[in-house]
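Note sheet for the following structure.
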Amino acid sequence: MKKIILFSLLIVLIRPVHAQVLSQSNQQSVRNPLPSPYQLKWHEKNYYLFIHFGPNTFTNKEWGDGKEATAIFNPSQMDCDQWCRIAKAAGAKGIIITAKHHDGFCLWPSKFSTHTVGQSIFKRDVLAELSAACKKNGLLFGVYLSPWDRNHPDYGTEQYNTVFVNMLKEIFQNYGPIWELWWDGANGEGPNGKKQIYDWERFEKTVRSISPQTVIFSDIGPDIRWIGNENGNASTTNWNLLDTIGFKRGIGAPPNDTLQQGNYRGANYIPAEADVSIRPGWFYHQTENNQVKSADDLMNIYLNSVGRGANLLLNVPPDDRGLISSYDSSALINFFKKRSLFDGPNLLKNASISIGEPDRNNIKKPYSWYYVLKKPVLINGLILEEDLKYGQKISAVNITISISGETKLQQKITTVGNKRIILFPQPIETSEVAIVVLESKGMPVFKTLKAF
Ligand code: FUL
């Protein structure tokens, strides 16, 4: 026993505390899919904005039928830089815009449709302006392109697959780099009453050949999956793995609770993104100005998404002037201020730490991290992060917060994944923190163990 503690202390002395890598002797035995380098980078982004903007902004609808006159789309003061400045001030890492929603209206002057900004009196190229503003403000730029199109005359025929491929080419060749592509699952009838059989393989190949670094979202991936609801809630157990055999993009995904939790033994690495709107609708409606979510609501959503290992895609729709309204921006900024709680120094930084790990004589002994602080401190909670380049492994952790040996809080959690934020009901005076990994697919590797 003494030997293990001495050995662990030695490890602690020679390694930085944030890279809690234990010995390589107990490597994972279970097959565990790993993320691609692009998925790993995507995990780091945590939180970014969604922009729903188009004819619906002017017609007060959520789903346009594709028959809207192009003259409808005419924002009087559109300023993509304003969207980006607000996103940046609110700590968001990027913006994903509805380049084309189900009504088929293209926010860029596509050569493959007659229902675009090019035919409108507005004339300006919204994609070009947003892509430039994102670059200028150091934000990532992403595109939502609805496969369902209620305007295009070719919809419902094989020719439409070529139209969609051509649109993808236009966007990826002219407006890149594009960080995330969003394929909506909604799939209804086109103007001629027909449904489309999508050529997903061809769509994916088109994107990969021009922009291999883009991560592609749809209900079931290939790179990012939907969280199974539109409230921004991940499950407390959230695996970045998913079985997709037997399911097809756009026409059949696993049940929503499976999307929320992922699959423990899933065959593919497809982490979840939680999308939710700051307002009841996805598009701007003046009547919803008083229903903008408060900073407290947004904080709860953040804890239930980012705090459970998913990424958060928060929709903030510009109004009919083409600006984000002050109702939304002030909620976003207050939300940002609240999140500063997590950004302070790691209160465990100066603690002495001992790490336990199974040995040959006792393989049932759990991996554990014990922190003892020299002086008691008030802590609000903990942030745990797995180093996902080794795969997601942890499935049960016991956390004990004590002062001079007296337990103040004990909590059992399941998965950790990209990030697990545990916010205590109130700050706790603490001198010891014990993190015991009860179940893991092989050796757990933490990137972060932080008290805030
Ligand atoms: C859904 C769409 O039908 C909504 O209009 C919205 O775009 C949402 C993000 O996805 O499937």
Is it the case, given these coordinates, that Ile95 is assigned by TED's automatic domain parsing to the domain that holds Lys195, under 29 Å from His152 (Cα atoms), away from the ligand (no atom under 13 Å from the Cβ) and within 19 Å of the chain's Cα centre (by Cα)? yes
Scan of the stretch 261-287 for residues that are within 16 Å of the ligand (Cβ to nearest atom) and assigned to a loop (DSSP other than H, G, I, E, B), ordered by number: Ile278, Arg279, Pro280, Gly281, Trp282, Phe283, Tyr284, His285
What number of residues in the stretch 162-215 are within 25 Å of Ile51 (Cα to Cα), away from the ligand (no atom under 16 Å from the Cβ) and either aromatic (Phe, Trp, Tyr) or part of a helix (DSSP H, G or I) (or both)? 21
Within the stretch 410-439, residues of a type in the set (A, V, I, L, M) and out of contact with any Leu (no Cβ under 7 Å at 6 or more places or on another chain) come out as Ile413, Ala434, Val436, Val437, Leu438
Return a yes/no flag: does the stretch 152-167 have any residue that is assigned by TED's automatic domain parsing to the domain that holds Phe58, in contact (Cβ under 8 Å) with a residue 40 or more places away in the chain and touching a Cys at 6+ places or on another chain (Cβ under 9 Å). yes
Restricting to strands (runs of 3 or more DSSP E) lying wholly in the stretch 326-416: which have 2 or more residues that are among the hydroxyl-bearing types (Ser, Thr, Tyr) and on the phi < 0 side of the Ramachandran plot? 352-356, 367-386, 394-403
So is Phe112 in contact with a Ser or Thr (Cβ under 9 Å, 6 or more places away or on another chain), buried (at least 21 other Cβ atoms within 10 Å of the Cβ), of a type outside the set (Asp, Glu) and without any contact (Cβ under 8 Å) to a residue 60 or more places away in the chain or not? no
Could you tell me whether any residue of the stretch 51-58 is of a type in the set (Gly, Ala, Ser), in the same structural domain as Asp223 (by TED's automatic domain parsing) and touching a strand residue (DSSP E or B) at 6+ places or on another chain (Cβ under 9 Å)? yes
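The values are calculated or read from the model by the stated rules, or taken from the named source; none is laboratory data. Keep in mind it's a predicted model, so treat the numbers as computed, not measured. FYI the Cβ positions are ideal-geometry reconstructions off the backbone, even for glycines, and counts take in every protein chain you see.
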